[in-house]
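A short write-up of the structure that comes next.
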Amino acid sequence: MCDPLRQVTHCENIRLAEDGRSVIILDQTQLPNRTEYRALRTPEEMYEAIQLLRVRGAPAIGICAGYCMYVLARQMEERDYDAFAGRFHALKEYLNASRPTAVNLSWALGRMERVVTGHPGASVEELLPLLEAECKAIHREDIAMCRSISEHGLALLKDGDGILTHCNAGPLATSRYGTALGPLFLGKEKGMQFKVFADETRPLLQGARLTSYELQRAGIDVTLICDNMASIVMKNGWVQACLVGCDRVAANGDTANKIGTSGVAILAKHYGIPFYVLGPTSTIDLSCKSGDDIEIELRDGAEIREKFYAEPMALPEVKCYNPAFDVTDHSLITGIVTEKGVCYPPYTESLAALFR
Ligand code: MRU
């Protein structure tokens, strides 16, 4: 019989098709009602899948982008190195424009491009196996990083703790285990019990559609709450730690994550609850000095006005402001958990030390 916990933690959300001609993704926009896979073959299909959040979560976007570049490289007709490198660069830039905030996208695309630029004059036949190895390495490394983040994160928790999380940073958003949800799955494997509160995460409901789905299927005690209920569950004493993922961490520890995260951090500070950010070092961007340097994605107001409602809930002409992320000030963050261990303030020192 299949172990339901393993089914969740080892879900195959992104993979290269066996013939190498497409990237197969689990379409996260259809969950939890339908389990549908899509094959991405063209640059436009790949761009659309990332832009519409069919594949989403910073590490998952990076993994997907790596495979996409390999699939696109195989399709290229250019045989001359310079022409091939030029077209590869143009496609990389195109995919990089699909979403601006999660640094893992440009990080993975940059890794793929360095395979090409690192072998000047190489033939396409020589480059393709190297590109295939690189995208597979990005995926493999993420699995190891998530496992390690889960272990470091679990060491911060006690059996029986109440945990509040925002958005979705589980296996669907990564490779296996996830980042913010990783310690909970790992703890469950070890027989620990947590009581998790999942913010629904307006407007795209990643908490309702994905986090509560993953935790419930894994047999972890999860209670879904609306975003504006976080304060009451904290006040009631039901939350011993907040665990969230991240899309870009600046050199000073300011962290961009799903819109609403900074509000959770402010509440946690008020109630004296530790607030942890969990993510791989690939999400740390030392070129951003602070959160002010992080570009925040703005999305279509229709996501607020009408998406997920049976009928629109606001007049079509009503103005909407729909930032996809916000920045949590480093002063509100108790620790940043990476695959290399937990960083504590002052973050300018502890984060820089990770890269020495
Ligand atoms: O817009 P999304 O759903 O891609 O936003 C995702 C998040 O904010 C996650 O918390 C973050 O990417 C970390 S996923 C391990």
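Out of all the residues in the range 280-288, is one or more open to solvent by 50 Å² or more (accessible area, probe 1.4 Å) and either under 30 Å from Met234 (Cα atoms) or within 16 Å of the ligand (Cβ to nearest atom) (or both)? There is no residue in the range 280-288 that is open to solvent by 50 Å² or more (accessible area, probe 1.4 Å) and either under 30 Å from Met234 (Cα atoms) or within 16 Å of the ligand (Cβ to nearest atom) (or both).
Once the range 213-231 is narrowed to residues that are touching a strand residue (DSSP E or B) at 6+ places or on another chain (Cβ under 9 Å) and more than 16 Å from Thr201 (Cα to Cα), the residue that is most open to solvent (accessible area, probe 1.4 Å) is Gln216.
When Gly191 is tested against (1) in contact (Cβ under 8 Å) with a residue 12 or more places away in the chain; (2) at positive phi; (3) open to solvent by 10 Å² or more (accessible area, probe 1.4 Å), exactly one condition is not met: (1).
Restricting attention to the range 308-356 and to residues that are basic (Lys, Arg) and more than 22 Å from the chain's Cα centre (by Cα), the residue that is nearest to Ile284 (Cα to Cα) turns out to be Arg356. Of the residues making up the range 44-59, just one is closer than 16 Å to Ser106 by Cβ, open to solvent by 50 Å² or more (accessible area, probe 1.4 Å) and within 15 Å of the chain's Cα centre (by Cα), namely Gln51. The single condition among (1) within 16 Å of Pro171 (Cα to Cα); (2) in contact (Cβ under 8 Å) with a residue 40 or more places away in the chain that Asp27 does not satisfy is (2). Being free of Cβ contacts under 8 Å to residues at least 60 places away in the same chain, over 23 Å from Cys226 (Cα atoms) and open to solvent by less than 40 Å² (accessible area, probe 1.4 Å), is that true of even one residue in the range 139-149? The answer is no; no qualifying residue exists.
Just checking, which of Leu215, Leu267, Leu204, Leu243 is within 24 Å of Val327 (Cβ to Cβ) and assigned to a helix (DSSP H, G or I)? After applying the criteria, what remains is Leu267.
In contact (Cβ under 8 Å) with a residue 60 or more places away in the chain, open to solvent by less than 20 Å² (accessible area, probe 1.4 Å) and touching a Gly at 6+ places or on another chain (Cβ under 8 Å): does that describe Gly62? When the stated conditions are applied, Gly62 does not pass them.
Output the residues belonging to the range 114-138 that are assigned to a helix (DSSP H, G or I), of a type outside the set (Ser, Thr, Tyr) and open to solvent by 30 Å² or more (accessible area, probe 1.4 Å).
So the first thing to find is which residues in the range 114-138 are assigned to a helix (DSSP H, G or I), and the list is 114-117, 124-138.
Okay, now just the ones that are also of a type outside the set (Ser, Thr, Tyr), so 114-116, 124-138.
Correct list: Arg114, Glu125, Glu126, Leu128, Pro129, Leu130, Glu132, Ala133, Glu134, Lys136.
For the range 85-101, the candidate set comprises residues that are open to solvent by 10 Å² or more (accessible area, probe 1.4 Å) and not in a helix (DSSP H, G or I); within that set, the residue that is nearest to the ligand (Cβ to nearest atom) is Arg99. The requirement of being within 25 Å of Ala155 (Cα to Cα) and either buried (at least 17 other Cβ atoms within 10 Å of the Cβ) or touching a residue at least 12 places away in the same chain (Cβ under 8 Å) (or both) is satisfied by Ala251.
For the range 35-43, check the following and say yes or no: at least one residue is exposed (fewer than 13 other Cβ atoms within 10 Å of the Cβ), farther than 22 Å from Glu132 by Cα and more than 13 Å from the ligand (Cβ to nearest atom). Yes, the conditions are met somewhere in the range 35-43. Being in contact (Cβ under 8 Å) with a residue 24 or more places away in the chain, in contact with a His (Cβ under 9 Å, 6 or more places away or on another chain) and not acidic (Asp, Glu) is a property that Gly170 lacks. Of the residues making up the range 233-242, one or more are of a type in the set (Val, Ile, Thr), more than 13 Å from the ligand (Cβ to nearest atom), farther than 25 Å from Pro171 by Cα and open to solvent by less than 10 Å² (accessible area, probe 1.4 Å).
Mind listing whichever residues of the range 105-138 are touching a residue at least 12 places away in the same chain (Cβ under 8 Å) and acidic (Asp, Glu)? Residues satisfying the conditions are Glu113, Glu132, Glu134.
Being in contact (Cβ under 8 Å) with a residue 40 or more places away in the chain, within 23 Å of Ala60 (Cα to Cα) and away from the ligand (no atom under 12 Å from the Cβ) narrows it down to one residue among Leu210, Leu184, Leu156; which is it? Reasoning before the result, please.
Values: Leu210 fails: away from the ligand (no atom under 12 Å from the Cβ); Leu156 fails: within 23 Å of Ala60 (Cα to Cα).
Within the list Leu210, Leu184, Leu156, the selection yields Leu184.
With within 28 Å of Arg176 (Cα to Cα) and out of contact with any Asp or Glu (no Cβ under 7 Å at 6 or more places or on another chain) as the only criterion, which of Leu267, Leu298, Leu286 stands out? Write out each step before concluding.
Working: Leu267 fails: within 28 Å of Arg176 (Cα to Cα); Leu298 fails: within 28 Å of Arg176 (Cα to Cα).
Of Leu267, Leu298, Leu286, the one residue that is within 28 Å of Arg176 (Cα to Cα) and out of contact with any Asp or Glu (no Cβ under 7 Å at 6 or more places or on another chain) is Leu286.
Among the residues that make up the range 65-84, is at least one of them farther than 20 Å from Pro129 by Cβ, open to solvent by less than 40 Å² (accessible area, probe 1.4 Å), of a type in the set (A, V, I, L, M, F, W, C) and without any contact (Cβ under 8 Å) to a residue 60 or more places away in the chain? Within the range 65-84 (the criterion being farther than 20 Å from Pro129 by Cβ, open to solvent by less than 40 Å² (accessible area, probe 1.4 Å), of a type in the set (A, V, I, L, M, F, W, C) and without any contact (Cβ under 8 Å) to a residue 60 or more places away in the chain), the answer is no, since none of the residues qualifies.
The values are calculated or read from the model by the stated rules, or taken from the named source; none is laboratory data. Quantities reported herein were computed from a predicted structural model and do not represent experimental measurements. Note that we place each Cβ from the backbone using ideal geometry, even for glycine, and neighbour counts take in every protein chain shown. We work out accessible area using only protein heavy atoms, side chains counted, and drop any ligands, DNA or RNA first. Shrake-Rupley method; radii C 1.70, N 1.55, O 1.52, S 1.80 Å.
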